[in-house]
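See below for the structure under consideration.
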Amino acid sequence: MNPENPTCREIEPDLVAVAAGEAGGAATRGVERHVGVCRGCRDELARYRVLEGMVADLRRAPVAGADPTLSRAELESRLADIRSRVISYGMFSSPLGKILIARSELGVSLVRYIESEGAARAQLARLAGGEAVEDKAAVEGTYRELLDYLHARGTRLSWPLDLRWAGSEFQRRVLAATAQLPYGAVTSYAGIARRIGAPASVRAVAQALRHNPIPIAIPCHRVIGSGGDLTGYAGRRIGLKERLLSLEGVPVGHRAHRIERGHMYVLYEGYTEYCLPTCGSLATEPMAQLTLFGTRRHAEAVGLTPCGSCRPDLHPLSA
């Protein structure tokens, strides 16, 4: 809907009436003609219909108890549930290709790389049912912040997240651990398994990240194989994983699709100093206990200090 367009302003009451099934024949025909040429009002009508369906469900459900205070609290709780269930989404161009972003009142719930808009809409419909409404304006701010991130104008996304489509409590734990990985750093799938207290569940961790509903914001691109291989990302989009890591200053061997530990600064589990990869026994320590940083700047940005023995501040890795 364009609030500056007088036709859009005039027809808004009829949009509400049509969504509620209360419009007369003339009003319904007028709305049908208008939404046939006005994308904004067409999206607004779809949104009204979603809300009307939810309100109808609310009306059918009895409010228990005779106490008016309790009844009001119950009604407010149901209305809050309705608001939280509505999903707004949009599809946008990005440096990584076409991307779908969906969010609720609670936060961003889905980010998807897409090849077919129709297939993306169908997938979202399967997830959200009739509670998803295409509304680019509602997610425009989220998209702009993503663009800033992808153009290296920021190092974090301040999005609140809605993990309604995390498949299990195990996946939530994996996603939470992955979300803690710093910008410009990588660890292994075994490292994530160790962090959530399930060191034998490396394959399950990989599967949980394969179905990460909010890539980039939950940076599964920062999780690699124990040998440095990039392995999978968003299906078979290894090239996108390389681009995201390169954006963050992580040196990636593009031909081999791998990260060489010898080209990275190393943080050993439980320490607050970062080291050169040749410091002490680090060269032979298992990746599950290490976090690797592409630059000293990013290691120090999270409060780490240079090792007093190998002095990476005095002997930095060559670029």
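The values are calculated or read from the model by the stated rules, or taken from the named source; none is laboratory data. This one's a predicted model, so the numbers in the text were calculated from it and none came from an experiment. Backbone-built Cβ (ideal geometry, glycine too); neighbour counts: all protein chains shown. For the accessible areas, the whole protein counts, side chains as well, though only heavy atoms, and no ligand, DNA or RNA atoms are used. Shrake-Rupley method; radii C 1.70, N 1.55, O 1.52, S 1.80 Å.
Can you tell me, using C-alpha contacts under 8 Å and at least 6 residues apart, the relative contact order of the chain as a whole percent?
Computed over the chain, the figure is 11 percent.
Relative contact order (percent) for the range 224-307, with alpha-carbon contacts under 8 angstrom and 6 or more residues of separation?
It comes to 27 percent, rounded to a whole number.
Given charges of +1 on the Cβ of Lys and Arg and -1 on the Cβ of Asp and Glu, with all other atoms neutral, how large is the dipole of the chain about its Cα centre, in debye to the nearest 20?
Computed charge dipole of the chain: roughly 940 debye.
Sort out for me the Cα centre separation of the range 132-183 from the range 18-34, rounded to whole Å.
Their Cα centres are 38 Å away from one another.
Determine the share of the chain's accessible area contributed by carbon and sulfur atoms, expressed in whole percent, with a 1.4 angstrom probe.
Within the chain, the accessible surface is 51 percent carbon and sulfur.
Could you report the accessible area of Lys98 in Å², rounded to 10, computed with a 1.4 Å probe on the protein chains as they sit in the structure?
Lys98 has an accessible surface of roughly 70 Å² with all protein chains in place.
Could you give each residue of the range 98-109 its phi-based ³J(HN,Hα) in whole Hz, using Karplus coefficients 6.51, -1.76, 1.60 with θ = phi - 60°, and x for Gly or Pro?
5, 9, 9, 10, 10, 8, 10, 4, 7, x, 6, 10
Would you mind pulling out the separation of the Cα centroids of the range 280-301 and the range 184-247, in Å?
Rounded to whole Å, the Cα centres lie 16 Å apart.
Percent antiparallel among DSSP beta bridges with both residues in the range 178-319, to the nearest 5?
60 percent
Search the structure for amide H atoms under 5 Å from the amide H of Leu110, placed 1.01 Å from N in the peptide plane, and list their residues when 5 or more places away or on another chain.
Ala102
Which residue fluctuates most in the GNM of the chain (Cα springs below 10 Å): His211, His221, His34?
His34
Counting pairs of Cα atoms in the range 237-283, how many percent are more than 18 Å apart?
40 percent
Over the Cα atoms of the chain, each weighted equally, I'd like the Debye log10 I(q)/I(0) at q = 0.11 Å⁻¹, rounded to two decimals.
-0.79
Per residue, how large is the accessible surface of the chain? Use a 1.4 angstrom probe and give square angstrom.
51 Å²
Positive end of the charge dipole of the chain (Lys, Arg +1 and Asp, Glu -1 on Cβ, about the Cα centre): tell me which of Thr272, Ala137, Gly239 has its Cα farthest that way.
Gly239
Tell me what the chain gives for mean residue ellipticity at 222 nm when only DSSP H runs of n ≥ 4 count, each as -39,500 (n - 2.57), the sum divided by the residue total, rounded to 500 deg cm²/dmol.
Estimated from H runs of four or more residues: -13500 deg cm²/dmol.
Under the rule of at least 5 residues apart or a separate chain, name every residue whose amide H is placed under 5 Å from the amide H of Ala132.
Here the answer is Ile87, since their amide H atoms fall under 5 Å of that of Ala132.
Identify which of Ala138, Ala119, Ala26 has the largest mean-square fluctuation in a Gaussian network model of the chain, with springs joining Cα atoms closer than 10 Å.
In this elastic network of the chain, the residue with the biggest mean-square fluctuation among Ala138, Ala119, Ala26 is Ala26.
Anyone know which of Ser93, Ser188, Ser246 comes out most mobile in the 10 Å Cα GNM of the chain?
Ser93
Going by amide H atoms built from the backbone, whose H comes under 5 Å of the H on Tyr274, apart from near neighbours?
Thr305, Cys307
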